[in-house]
1. Which of (1) of a type outside the set (Asp, Glu); (2) outside any loop (DSSP other than H, G, I, E, B); (3) at positive phi does residue 384 not meet, given it meets every other one?
2. For the stretch 1-35, enumerate the residues that are surrounded by 16 or more Cβ atoms within 10 Å (Cβ to Cβ), modelled with pLDDT under 80 and not β-branched (Val, Ile, Thr).
3. Across the stretch 36-45, what is the total count of residues that are surrounded by fewer than 15 Cβ atoms within 10 Å (Cβ to Cβ) and either among the acidic types (Asp, Glu) or touching a residue at least 12 places away in the same chain (Cβ under 8 Å) (or both)?
4. So how many residues does the stretch 46-68 have that are surrounded by 15 or more Cβ atoms within 10 Å (Cβ to Cβ) and either without any contact (Cβ under 8 Å) to a residue 12 or more places away in the chain or in a helix (DSSP H, G or I) (or both)?
5. Quick check on residue 313: is it under 25 Å from residue 451 (Cα atoms), assigned to a helix (DSSP H, G or I) and more than 36 Å from the chain's Cα centre (by Cα)?
6. Considering only residues of the stretch 237-266 that are exposed (fewer than 14 other Cβ atoms within 10 Å of the Cβ) and of a type in the set (A, V, I, L, M), which is nearest to residue 145 (Cα to Cα)?
7. Can we say residue 347 is among the acidic types (Asp, Glu), farther than 21 Å from residue 428 by Cα and modelled with pLDDT of 90 or more?
8. For the stretch 193-224, how many residues are assigned to a helix (DSSP H, G or I) and touching a residue at least 24 places away in the same chain (Cβ under 8 Å)?
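The values are calculated or read from the model by the stated rules, or taken from the named source; none is laboratory data. All figures in this text were calculated on a predicted structure; none of them were measured in a lab. Don't worry about glycine lacking a Cβ; one is built from the backbone with ideal geometry, like all the others, and counts go over all protein chains shown.
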Amino acid sequence: MKATGIEQARFEPTVLSAVRRYWVMVTVIAVLTAVAAVGYSMTQAEIYRAYATVTVPQSTLAEGEARTQYFDSQVLLLQSQEVADRAVRFANAELNENLLTRRDFAGENSSLEITPPEQATPGGFGSSIVALTFTWPSSKVAQAGVNAVLKAFDDARSAAIAAQGAADVAAVERAINDARTRGQRNDLQNQRTQTLVDLQLALATHPTVTWAAEPQLPINGNAKRSGAIGLVAGLALGAGLAYLRAGRRRCLDDRLDPVAIYNAPLLGDIPPTGRNGIRSTLSATAHPLPMAADPQSAAAEAFRFTAGSVERLRSARDHRMAVVFVSAESGSDRSTVVANVALAVAESGTPVLAVDADVGGSGLTGLLLPGSPQADGFEQVVAGCRPVSECIEPSPLNADVTVLRAGPTRVRRTSGTAYAEAVGKLIAEAKESFEIVLIDSPAVLTAANAVELVQDSDATVVVLGPGEPVQDHVTVVERLEHVEHVAGYIYRRTDSGPKFVRRLRERIGTEPVQPVEVLAFRPARGRRQPQG
């Protein structure tokens, strides 16, 4: 089993998978952003925006000028200082106070915004409609400001037309005075008359204006809109942070992901049933031992399927077998898996020895020997203080399940070669009396003795679950590099509750499992008595 051939690209996260993994973080960020947006909108002064439009007709005096050029000149007139000065006078007169100044109508920080129809087709509908908005903390001032600009533009436009007409008439009169023939004089007089007529027509034609109504709602005081914008922004921010976090901490998200790491098959897919989830307080079927508490549940059937996979491994080898269950870290429900698999195998009458080699955790002992007093076990057998036959005891949950408890922790631990030899002797002696020996090993990344247990066993089964870091299992592969008998892995699904809730419940939920009432057991068939 090598760690060099692992497909790293398989574990590249997606935004969706990252959001699903860190949904609590994304939700918190989105809610906080929405609340902040609503709070900010409520603390800011209300701002109102009045809206108006003006359609500029082409003057009869400028018929020879291109339409687009004339329209551009009118937009420039709207933005001119002359219009701004006139608008100040009109608006202050309407409001009966000197509130507005030229800077409110012209300049970079003005409250007036003029938007010409940049995307309109020349000559088409809307090509000469200019939109104007005026923003102010008072709705009445906003309305007066934008309407004052429209009046000022009309006055300035009329003044410009009058000035242009007067200049044209004066030019024609000079030409009349310089005329040398009667015919030239008559033609120029007719031209002067036409110019005066065009001037009057141009002065009579005013822009088409849609006057601004007083705005009723502020543009920044809508709490619902601010909250929605904040929520969307928070979701985007949370998704981005979740993706970055998932990229730095790649985890197992799919039950088939471990195949790329261990190159071993899936032996069982176990639904959540343990005490480390929220549902354990809501449902009686959330007991860690569904094989005893609820034999008809889907979780019990999943353990039976897993037990069948283990027994097929033994049948393929045609001899008794010791299977060690390992995990990367503690808290992976490894002990729960071993206990349920032992009960599932024993349903057929097969003698099973469940060995609790995780001395620091003793989870298997608490599950299969609930409420039993402290006694010597695996730790004392490995140290050579007690024989196996004196430390094993039947489980009250099934007569075909025998347990070698963890035993009290010794001050001086056995390790290294002495540990490997003692474990090998223990396994050989156990296999003389039991068809299957199931060993609950310490976590590989926290206990060096786990590797010795793997070396002395006939098969290794990895217990893992979603959310476990990929790098942890790569390290497990590196530590078990010379192990060639990894039979497969068991995917242990966890409750969907937030991780911090599960960890809190693990800390406060350390009370021993209460015995469960088992109504009936199948009688043992051909059970061999343990030998010394």
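1. (2)
2. Correct list: 1, 3, 11, 13, 17, 21.
3. The first filter runs over the stretch 36-45 and keeps only residues surrounded by fewer than 15 Cβ atoms within 10 Å (Cβ to Cβ), leaving 39-40, 42-45.
Then keep just the ones that are either among the acidic types (Asp, Glu) or touching a residue at least 12 places away in the same chain (Cβ under 8 Å) (or both); that gives 40, 42, 44-45.
Looking only at that region, the number is 4.
4. Going through the stretch 46-68 one residue at a time, the tally reaches 3.
5. Numbers: under 25 Å from residue 451 (Cα atoms): yes; assigned to a helix (DSSP H, G or I): yes; more than 36 Å from the chain's Cα centre (by Cα): yes.
Yes, satisfied.
6. Keep residues of the stretch 237-266 that are exposed (fewer than 14 other Cβ atoms within 10 Å of the Cβ), which gives 244, 247-248, 254, 256, 263, 265.
Narrowing further to those that are of a type in the set (A, V, I, L, M): 244, 256.
Working: 244: 49, 256: 67 Å.
So the residue we want is 244.
7. Working: among the acidic types (Asp, Glu): yes; farther than 21 Å from residue 428 by Cα: yes; modelled with pLDDT of 90 or more: yes.
So residue 347 passes the test.
8. We begin by selecting, within the stretch 193-224, every residue assigned to a helix (DSSP H, G or I); these are 193-204, 223-224.
Subset that is touching a residue at least 24 places away in the same chain (Cβ under 8 Å): 195-196, 198-199, 201-203, 223.
The qualifying residues number 8.
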